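All remarks here apply to the structure that follows.
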2 protein chains.
Amino acid sequence: MTSTAVTSRELPHPARDEIRLEGVLHALSDPLRLQIVRELAADGGELSCSRFDLPVTKSTTTHHFRVLRECGVIRQAYRGTAKMNGLREGDLDDLFPGLLDSLLAAAARQAARIAADG
Amino acid sequence: MTSTAVTSRELPHPARDEIRLEGVLHALSDPLRLQIVRELAADGGELSCSRFDLPVTKSTTTHHFRVLRECGVIRQAYRGTAKMNGLREGDLDDLFPGLLDSLLAAAARQAARIAADG
DNA sequence: CGACTCATACGATAGACATCGTAGTACGGG
DNA sequence: CCCGTACTACGATGTCTATCGTATGAGTCG
């Protein structure tokens, strides 16, 4: 079965022009999802869902990844049994130049502020 | 209850350091609130609630303004019978430098894209 | 005072959402 | 072929949220 492509397990993604700013902001307004995006940005590549150590069950984790995908923030693809996740940096930067960087910088700044106590 | 009212017309605002990024993003993830913020930014000054022509009732309008205030996005103050609303640009820029501008630019870009249809 | 305007508060309601547990599907290897 | 791993789908639930209508408070002006 070397030829059986992973075609039957395709995941629906919004096209670049279907991505809405409100949706992106909604996706990032959840602390867990913001954390996921920060880790993806820090890694720069693709990470499987199980690489994240989130304080919720697997079901909830799946839910959050789906929200991120359906809002156009990440791209997901199966690779064997794993599901790889990557930021849609290019598409987002085409649509909203500089926004993702600003958001990540803001998140980093807040994290530093909180870490330094508050 | 005429005299005991402790200046019941004061409005609670979060202190600058209490403003959370997630809250700001949540506030702006609603199309109506994003529109309000865009108009406030375009005006640059203060606007009364009634200056906005939103497709919802007064009650709902009040609700959205309150969300924006409680999340630290706008500052509200009474002036006679009117309630004036102004962006907290300074506080937001202290906390998250450049973020507000990026968000407004992204919103403007999306509005232009939608206006040009697709 | 009395009427009018601006905005609020309260109660209700319908829909969205975060979370969980359980059962199930897809893939890879012994 | 059966098992383990990785992720999903479904149903339930409690909470949050956007919306409305109505009644109310606060200020202004006749």
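Computed from the coordinates by the stated procedures, all read-outs in this text should not be read as laboratory data. Since this is a predicted model, take the numbers as computed values, not measurements. Heads up, the Cβs are rebuilt from the backbone with ideal geometry, glycines too, and the neighbour counts pull from every protein chain shown.
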Give me the net charge of A:Ala41's neighbourhood, meaning all other residues with Cβ under 15 Å from the Cβ of A:Ala41; Lys, Arg count +1, Asp, Glu -1.
-> -1
If you take the C-alpha gyration tensor of chain B, multiply each eigenvalue by 5 and take the square root, what semi-axes do you get, largest first, in whole Å?
-> 27, 18, 12
Radius of gyration and maximum dimension Dmax of the protein assembly as shown, Cα, Å = 20.5, 83
Linear extension gain, B:Gln35 paired with B:Asp101, 0.36 nm per residue minus alpha-carbon span | 22.3 nm
Estimated dipole of the protein assembly as shown in Debye, rounded to 20 [Cβ of Lys and Arg +1, of Asp and Glu -1, Cα centre] = 580
With label points built 7 Å along Cα→Cβ from the Cα atoms of B:Ala111 and A:Asp53, find their separation and express it in nm.
-> 4.5
Just need the relative contact order of segment B:4-117 here, percent rounded to a whole number, with Cα pairs under 8 Å and 6+ apart.
-> 30
Quick one: with label points 7 Å out along Cα→Cβ, list the inter-copy distances for A:Ala42 in nm, shortest first?
-> 4.0
Counting sequence-distant residues (5 or more places) and residues on other chains, those with an amide H built under 5 Å from that of B:Ser48 are B:Asn85
Sorted from shortest, what are the nm distances separating the label point of B:Thr62 from equivalent points in the other copies, each placed 7 Å from Cα along Cα to C-beta?
-> 4.4
Between B:Ala15 and A:Ala42, how many nm apart are label points set 7 Å from Cα along the C-beta direction?
-> 2.8
Net charge of neighbours whose Cβ lies under 12 Å from the Cβ of B:Ser50, counting Lys and Arg as +1 and Asp and Glu as -1 = +2
Which Cα, out of B:Tyr78, B:Ile114, B:Val37, lies furthest along the positive dipole direction of chain B (beta carbon charges, K/R +1, D/E -1)?
-> B:Tyr78
